[in-house]
1. By how many nm would the segment from residue 140 to residue 248 grow when fully extended, if each residue of separation counts as 0.36 nm and the alpha-carbon distance is taken off?
2. If you take the charge dipole of region 345-501 about its Cα centre, with +1 on Lys and Arg Cβ and -1 on Asp and Glu Cβ, which of 461, 357, 382 is farthest toward its positive end?
3. Given labels modelled 7 Å from the Cα in the Cβ direction, how far is it in nm from residue 482 to residue 172?
4. Would you pull out the residues with amide H under 5 Å of residue 432's amide H, same chain only if 5 or more places away, H placed 1.01 Å from N?
5. How about region 396-483: which trypsin sites (Lys or Arg not before Pro) there lie in a loop by DSSP and see at most 15 other Cβ atoms within 10 Å?
6. So how far apart, in nm, are the two label points at residue 153 and residue 17 if each is 7 Å from Cα heading toward Cβ?
7. What number, in nm² with one decimal, is the all-direction average of the projected area of the convex hull of the alpha-carbon atoms of region 139-243?
8. Counting each pair of different Cα atoms once, what's the Kirkwood radius of the chain in Å, rounded to one decimal?
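Each value in this text was obtained by applying a stated rule to the coordinates, not by laboratory testing. Here the structure is a predicted model, which is why all the values come from computation and not from measurement. A quick note on method: Cβ atoms are made from the backbone with ideal geometry, for glycine too, and the neighbour counts reach across all protein chains shown.
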Amino acid sequence: MVKTSLQDPSPPGSFNALFEQTRDLVLLARYPGGEIISANPSALTAFGKNLLTARPVLESLPVPEQRGAFKKVLKEVGEEGQTAHFSGRLRRTDSSSFHSEMDIRKVAPDIWLATIHDISERVRALEDIELRNIAIANVTSGVTVADARLPDQPLIYVNKGFQEITGYSAREAVGRNCRFLQGRDRDQPDLDKLREALRVGRACIVQLRNYRKDGSQFINELHISPVHNEEGELTHFVGIQLNVTEQVEARKSLERSEARYRQALEQEKELNEIKTRFISMVSHEFRTPMTGIMASAALLKKFGDRLEADKKDRHLANIATSLKRMNRLLDDVLFFSRAESGKLQVERRPVALAEYLPALMESLSLVYPDREVTLDLRLEPPASFMLDEHLLDHILQNLIGNAIKYSPPGSVVTCQLREDTEWLILDVSDEGIGIPLKDQDKLFEAFHRADNVGQQHGTGLGLNIVRRAVELLEGDIRFTSREGSGSTFTVRLPKIPSNNDKQ
Ligand SMILES: Cc1cc2nc3c(=O)[nH]c(=O)nc-3n(C[C@H](O)[C@H](O)[C@H](O)COP(=O)(O)O)c2cc1C
């Protein structure tokens, strides 16, 4: 047996065994005076082996600042059986201290018994919880707890961060399901994911559009974690709310500028492609008539004096036709490049169509000497309208030129012009090769040529020019076509009678 007391009395009988073995710290003191006369092994371990010499009286046990309160407690020790209670820090003999709960009572006329619990662990745990509570309460993100066992999982806790993010006070939020932050905006893709996670008690992260108390929107990145009790039963959900509006906006704006950059790159690429195709088209299209001219000119130079008159005429006509073609080509190229750079303007002047159209046919017959076009004019005289002759030239020359180029000799090309109350309506029809269905969508794009054009020369600019000219004149263009059986292009231009017509 460890000798625990300096003098008698030792605790008697069975009390002795309890005194020796209990994990509680037990002291006996003589009163009055408070001299500690006995300490059990637990007490000696807790206070220090030299307790009885270093701290010989009860009053000296608490840390100095709590001794006043302790003395008051000692005064409360009454008759046998009555217990006084002290809760405070006690000093060890090495001057360190520990948290304690102490019960003191009189066990004999001059003997007091003090039973002490070392509650340092409990206090530390409580301090820990307190610290965590302070941390949770003060983080800037929202922290919420919902009770998973109550109907509709109401919030039972919201921290300051939640109140700052949402504008709702704890009093307004606690007791409600947190869906009130969604307002009427309930059709959100992440809600299904959230519902499923809550249903099976799984953690999840979702992004939701939420609304503050003042109605303003923010993007809430919500982190949900389930909490289970020791039996594994789901008891709570913890929600962390992060306002990620700025990050989402920044990401969207980055995506937008990336898209713009990609589009600019794409446009640049397209422009480069157009330039390349343009250069190759121009050089190719010019070379053919130039070769024709050079061949005829060489023949005329070499054999001019020996050639028969009609052969000479044929070569001269060939040169004239080729020059006309080159002229037309130059016209188109110029028109296209001016249209591309936005330099085309409409200059409306009175155009007497009954004179203009036959003259245009005449000039076309020089380019296509071996083909005839039926002109069907159905206009009320004087048929003079405010039009831009230059644009009209481009429309008609390209449409009629195409109709001739892409239909066999001997077939009929018709150009019909009529009017209704609002529009001048031009139909150019042919019985030619038609336009394959798969090319019809892209027909008006620059440099697009249908698959079935074969060896026929062409810039791929004609219909693009026609469309641009028609649009400049505020009209529209459409076509019907069947591969192998011809096409009809219909242009409508707003009918603006020239001043001469107005009464
Ligand atoms: C702990 C916890 C926090 C929540 N926080 C939010 C929130 O901040 N914003 C929100 O729109 N929904 C939040 N919810 C989700 C809603 O409360 C609700 O579960 C969700 O709208 C799906 O259910 P419903 O379809 O019944 O509305 C939270 C849910 C829990 C359990």
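1. Values: separation 108, 0.36 × 108 = 38.88 nm, distance 1.84 nm.
Here the answer is 37.0 nm.
2. Comparing the listed Cα positions along the dipole, 461 ranks first.
3. 7.1 nm
4. 486, 487
5. Here the trypsin sites (Lys or Arg not before Pro) that fit, given the DSSP loop and packing criteria, are 442, 482.
6. About 5.6 nm, to one decimal.
7. The directionally averaged projection comes out at 6.3 nm².
8. By the Kirkwood definition, the hydrodynamic radius is 34.0 Å.
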